[in-house]
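Below is one structure, written out as structure tokens; the observations come after it.
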Amino acid sequence: QTVSLTARHLEENGIPTVVVANARDIVETCGVPRFLFSDFPLGSPCGEPDNVELQRSIVSQALDLLETATAPRTTVQTPFEWSKGDGWKAKVFTQDQPWQTEEVKAAWLEKKALYRKLREEGKV
């Protein structure tokens, strides 16, 4: 979230940015101008450790996006897959959220619906 807000501040001051990240929902909610999304575990948006070729490719895609994006809030997804499979998603994306009461969940769903409506109307 901090990176997204920093990107928006830099853009407002004339410095173009591309955010490379893997928390798509958070980054898109913050509304960055250009976003390169990698469907990798959190903390690894540029790829796996020691995989220099993959990392170079992702950075190259980010620079290409800087040149080619034609609209605000442009999101592009990298075509790469995590070499160890998608098992990491089961540890992150679970239905079980014991800390979340029904009231909190209902409020979140309401906000989510409002955001989607505003996004469809072009207001966010």
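The values are calculated or read from the model by the stated rules, or taken from the named source; none is laboratory data. The model shown is predicted, which means the values in this text are computed figures rather than measured ones. Quick reminder, even Gly has a Cβ in these numbers, built from the backbone with ideal geometry, and neighbours come from all protein chains shown. When the accessible area is computed, the model is the full protein with side chains, heavy atoms only, and any ligands, DNA or RNA have been set aside. Shrake-Rupley method; radii C 1.70, N 1.55, O 1.52, S 1.80 Å.
Couple of notes before you dig in:
- Global size of region 38-96 as Cα Rg and Dmax, reported in angstrom: 13.5, 41
- Shown for region 20-115: the carbon plus sulfur share of the solvent-accessible area, taken with all protein chains present and a 1.4 angstrom probe, equals 56%.
- Total lysine pairs whose alpha carbons fall under 25 Å of each other in the chain (8 or more apart, or interchain): 9
- For the chain, the spread of Cα positions along each principal axis, largest first, Å: 46, 38, 22
- Heavy-atom accessible area per residue - the chain, 1.4 Å, Å²: 72 Å²
- Candidates Val18, Val27, Val104, ranked by Gaussian network fluctuation over the chain, Cα under 10 Å, top entry: Val104
- Computed about its Cα centre, the charge dipole of region 11-124 is approximately 280 debye, with only Lys, Arg, Asp and Glu carrying charge at their Cβ.
- Among Glu53, Glu103, Glu81, residue whose mean-square fluctuation peaks in a GNM of the chain (springs only between Cα atoms under 10 Å): Glu103
- Inter-part distance, region 1-15 to region 19-67, computed on C-alpha centroids, equals 16 Å.
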